[in-house]
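The values are calculated or read from the model by the stated rules, or taken from the named source; none is laboratory data. Being a predicted model, the structure only gives us computed values, none of them experimental. Here the Cβ positions follow ideal geometry from the backbone for every residue, glycine too, while neighbour counts run over all protein chains shown.
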Amino acid sequence: MERLFGEEPDRELADVVSGLAPLATRLRPRTLDEFVGQEELLRAGSSLRRAIEEGHPHSMILHGPPGTGKTTLARLVADAADAAFEEHSAVAVGRAEVREVIKRARERLTLTGRQTIFFLDEIHRFNKAQQDALLPAVEEGLITLIGATTENPYFEVNSALLSRVQLYALEPISADQILVLLHRALDHQLCGPGREVQPAALDFLSSRSGGDARTALNALELACQAADGGRAVTLAHAEDALQRRALLYDRQADYHYDTISAWIKATRGSDPDASLYYLAVMLEGGEDPRFIVRRMVILASEDVGNADPQALSVAVAAAHAVEHVGMPECQFALAQAAIYLSLAPKSDAAKRAIFAARELIGERGADLPPNYLRSSTRSDHRYDNPHRRPGHLSPQELMPDAVIGQRLYDPDEAEDKLRDRLAEIRRKRGRIDT
């Protein structure tokens, strides 16, 4: 008899049994007790923990860096609910494959009453039309959707779909937690019987893997393979293994955080050659140009700011080019923006200012504005319109009484014109600092 609904067997499980799967897959936790990390997300009584413990899954999007347990949590949810588990990557499938998943889920539910967990990795790679194709099945309960993404879902996932799922943010795994996983692999002899690994090698892998447990485990496996002949795995083996992993830019996001971090720091450091180099690494690796240009827009305000307000316009224009032109032509706009941002004067005063303002409000709450600034004012509290004053400046106080005199914006040396302008305004309004 043919397989029910033509379902494929669990290939990952088959690989685990045969020993062909990577170490990180062979060590994948099968129960919550084996899971390492995400203590806050899985705290007692949390909605995700209850979904697993009670076997009542709900649609969700797991958002976080690579190697933090997104796929594992999806499988734990499916196992706890005794649900069928359909796994696809949005990089490799489209609407046709999604329709087939939904068709199988409908037949499965009708004939056996069994639920279907549809795990869609890299869900941010789906465009609007592809995401819309999921909506009816999620609404009808034909599938329980678990999406995984390394990107901010508020940017990448349709609002209609977001409103139907629960968002969960995963944090990078700590070095101590990764060390636990490395020791577990050795205890289970998954790197070979009696394999000796020097403590310095384990410490290096746990601390230098960037919170990515998968990277650390698979680098451990490479290090063990390099130390052939039963020799001990040394720090040199670990360094070489981690470097070999890092050189392989994974277009499915395993290493793009390291490279975009290097691009940000090179651009912030005003080195256009380094900025272009890391930009090229990402483009050659197949990185989504939208991911790159969003970081450019952020950097234009966070690291350049009002030292060169035009930087934000250049970055936003590059973002428009990415959307309207696409690859490969948008690489020229990305290169133009990278060079401009690298050579622009730098200031983080805007970032410091908004952090200071939010910290102040977080500490003391938000005070009401003076009556004359509110939308409806009484006749005895007149708003003094600065346009009716010489120089368009009024001495009227604009801060709430409780925070009069607070200075949140502190222009730095790259914003000398703004600093002088602010000082002149304060002097004319009678706000000279003492």
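I need a count of the residues in the stretch 35-71 that are under 16 Å from THR144 (Cα atoms) and within 19 Å of the chain's Cα centre (by Cα).
Residues flagged as under 16 Å from THR144 (Cα atoms) and within 19 Å of the chain's Cα centre (by Cα) within the stretch 35-71 amount to 5.
Could you check, for the stretch 59-71, whether at least one of its residues is at pLDDT below 90, of a type in the set (Gly, Ala, Ser) and either closer than 30 Å to GLY286 by Cβ or not assigned by TED's automatic domain parsing to the domain that holds LEU217 (or both)?
Scanning the stretch 59-71 turns up at least one residue that is at pLDDT below 90, of a type in the set (Gly, Ala, Ser) and either closer than 30 Å to GLY286 by Cβ or not assigned by TED's automatic domain parsing to the domain that holds LEU217 (or both).
So, of the residues in the stretch 39-70 that are of a type in the set (A, V, I, L, M) and part of a loop (DSSP other than H, G, I, E, B), which turns out to be farthest from GLU171 (Cα to Cα)?
Filtering the stretch 39-70 for residues that are of a type in the set (A, V, I, L, M) and part of a loop (DSSP other than H, G, I, E, B), the one farthest from GLU171 (Cα to Cα) comes out as ALA44.
How about the stretch 286-380: which helices (runs of 4 or more DSSP H) wholly inside it have at least 1 residues that are surrounded by fewer than 16 Cβ atoms within 10 Å (Cβ to Cβ) and not β-branched (Val, Ile, Thr)?
By residue number, 310-325, 330-343, 349-364.
Of the conditions (1) closer than 16 Å to PRO29 by Cβ; (2) under 16 Å from the mean Cα position of the chain (by Cα), PRO153 fails just one. Which one is it?
Every listed condition holds for PRO153 apart from (1).
Mind checking which residues of the stretch 83-101 are out of contact with any helix residue (DSSP H, G or I) (no Cβ under 7 Å at 6 or more places or on another chain) and closer than 19 Å to PHE35 by Cβ?
Answer for the stretch 83-101, where residues must be out of contact with any helix residue (DSSP H, G or I) (no Cβ under 7 Å at 6 or more places or on another chain) and closer than 19 Å to PHE35 by Cβ: ALA83, GLU87.
Which count do you get for residues in the stretch 69-82 that are touching a helix residue (DSSP H, G or I) at 6+ places or on another chain (Cβ under 7 Å), over 16 Å from GLY141 (Cβ atoms) and β-branched (Val, Ile, Thr)?
The number of residues fulfilling the criteria is 0.
Being touching a residue at least 24 places away in the same chain (Cβ under 8 Å) and either more than 21 Å from ALA262 (Cβ to Cβ) or of a type in the set (D, E, K, R) (or both) is the requirement here; does ALA350 meet it?
Here the answer is yes, as ALA350 does meet what is asked.
Of all the residues that make up the stretch 163-195, how many are in contact with a Cys (Cβ under 8 Å, 6 or more places away or on another chain) and surrounded by fewer than 19 Cβ atoms within 10 Å (Cβ to Cβ)?
Final tally of qualifying residues: 2.
If ARG106 passes every condition in (1) within 25 Å of ARG50 (Cα to Cα); (2) touching a Leu at 6+ places or on another chain (Cβ under 6 Å) but one, which one does it miss?
(1)
Quick one: is GLN406 in contact with a Phe, Trp or Tyr (Cβ under 9 Å, 6 or more places away or on another chain), assigned to a loop (DSSP other than H, G, I, E, B), polar (S, T, N, Q) and farther than 30 Å from ALA315 by Cα?
No; evaluated as a whole, the condition is false for this residue.
Given the criteria at pLDDT below 90, buried (at least 17 other Cβ atoms within 10 Å of the Cβ) and not basic (Lys, Arg), does THR259 qualify?
Considered against the rule, which asks whether it is at pLDDT below 90, buried (at least 17 other Cβ atoms within 10 Å of the Cβ) and not basic (Lys, Arg), THR259 comes out as yes.
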